[in-house]
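Only one structure is covered here, and it is reproduced in the block below.
A short reminder: the numbers here are calculations on the coordinates, not readings from a lab. Computed from a predicted model, the values in this text were never measured in an experiment. So basically every Cβ, Gly included, is an ideal-geometry build from the backbone, and we count neighbours across all protein chains shown.
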Amino acid sequence: MDQREEYVELTDEQLVARYQSGDQAVLNYICEKYKPLVLKTSKKYFLVGGENDDLIQEGMIGLFGAIGDYDTSSEVTFFHFAQLCIDRQMIKAIEAGNRKKHSPLNAYVSLYNDEVGDFDEPAFTSDDPAELIIEAEENMDLIERLKSALSSMEKKVFELYMQDLDYKEIAQRLNKSEKSIDNTLTRIKQKAKNI
């Protein structure tokens, strides 16, 4: 009986236990066995500015993490644990992609520090000094245009939203209704689109 035939006889939990005990050869078998789950999961999501292959790669990273982290004494099956880890890894990649999509807005300024006239230190995407100067000028222009377009309330909501707070948390912090926050964010998005 070759090793692959031996692996077929084992449960997923036994396969993972063997890997965690030092059987490196079983890793390829587990990855091949779970690749269809990764492919299926990747079809549920869309990565802004990325390819489906990027999501598949993230899913495989999630699977690899699941193989290493699974507690073999757990009552949860490895399949369900792996599914959760794959999903989480893909969602993390999508969230990171969405933050990059908004990077001109989230990386550069704290919009309501304007009472004292100072800004957070900007983050730049280039090491070239000429490009840094151009980026800095463009970012300051964007900041000024956004500041002049947003009301005081909109600036506060926008700042909290860019800190990854959800509608409910923003509403609680500002003592407003969730509907009010939703309406404010809709106005902000429309203004940002116009700018």
Worksheet entry | Alpha-carbon radius of gyration plus Dmax, which is the widest Cα pair, for segment 1-48 in Å | 13.5, 47
Worksheet item: Do any trypsin sites (Lys or Arg not before Pro) in segment 34-74 lie in a loop, going by DSSP, with at most 14 other beta-carbon atoms within 10 Å of their beta carbon, and if so which?
Response: 43, 44
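For each pair in 156/179; 43/179; 44/168; 156/176, compute the distance between the two Cα atoms and list the pairs where it is over 21 Å.
43/179; 44/168
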Item to complete: Order by neighbour count: 9, 154, fewest other Cβ atoms within 10 Å first, most last.
Response: 9, 154
Practice prompt. Round to the nearest 0.05 the FRET efficiency obtained for residue 27 and residue 96 when R0 = 25 Å and r is the Cβ-Cβ distance.
Written response: 0.45
Worksheet item: For segment 3-99, treating each Cα as an identical point scatterer without solvent, what Debye log10 I(q)/I(0) comes out at q = 0.13, 0.21, 0.22 1/Å?
Response: -0.45, -0.98, -1.04
Discussion item. Can you compute the charge dipole magnitude of segment 3-99 about its Cα centre, using +1 on each Lys and Arg Cβ and -1 on each Asp and Glu Cβ, nothing else charged? Give it in debye, rounded to the nearest 20.
Written reply: 380
Item to complete: Quote to one decimal, in nm, the extra length available between residue 183 and residue 6 on full extension: 0.36 nm per residue of separation minus the C-alpha distance between them.
Response: 57.7 nm
Worksheet item: Can you sort 5, 75 by how many other beta carbons sit within 10 Å, fewest first?
Response: 75, 5
